[in-house]
1. Could you calculate the contour length gain from Arg38 to Ser21, that is, 0.36 nm times the residue separation minus the distance between their Cα atoms, to one decimal place in nm?
2. Counting only residues 5 or more places away or on other chains, whose amide H sits under 5 Å from the amide H of Arg16 once H atoms are built in the peptide plane?
3. At 0.36 nm per residue, minus the direct Cα-Cα distance, what do Ser50 and Gln84 gain on full extension? Give it in nm, one decimal, please.
4. With the calculation restricted to Cα positions, what are the radius of gyration and Dmax of region 20-88 in angstrom?
Amino acid sequence: MHCGIEVGPLPRGSYRNHCPSCLCSRHVDVLPGDRAARCRGLMRARGVDSHPAKGHMLVHRCVECGFVRRNRVAPDDELESLLQVMKYG
Ligand SMILES: [Zn+2]
Ligand SMILES: [Zn+2]
């Protein structure tokens, strides 16, 4: 599983839900932060959307069940990885 994401909260209150390096996440939430999903599948970044109010959003898709979710790009996400996702998904 890539880096085996065990990601802690960001210092400034906003919680992070994906790996800054490979941008992968885990299917643990039904609603953001509720940890209610039983899937636990790996969610890979499939693209980057821009949202008028929220800025750039990462599009994550669960490799197990196909669940799609958008997450805000975190300040310490690796630019290189983001560009990779934008280009190739
Ligand atoms: Zn990772
Ligand atoms: Zn899933």
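Each value in this text was obtained by applying a stated rule to the coordinates, not by laboratory testing. Given the structure is predicted, the values throughout are model-derived calculations rather than measurements.
1. That works out to 3.6 nm of additional length.
2. Answer set, sorted by chain and number: Leu10.
3. Full extension from Ser50 to Gln84 adds 10.7 nm.
4. Over region 20-88's Cα set, Rg and Dmax evaluate to 11.8, 32 Å.
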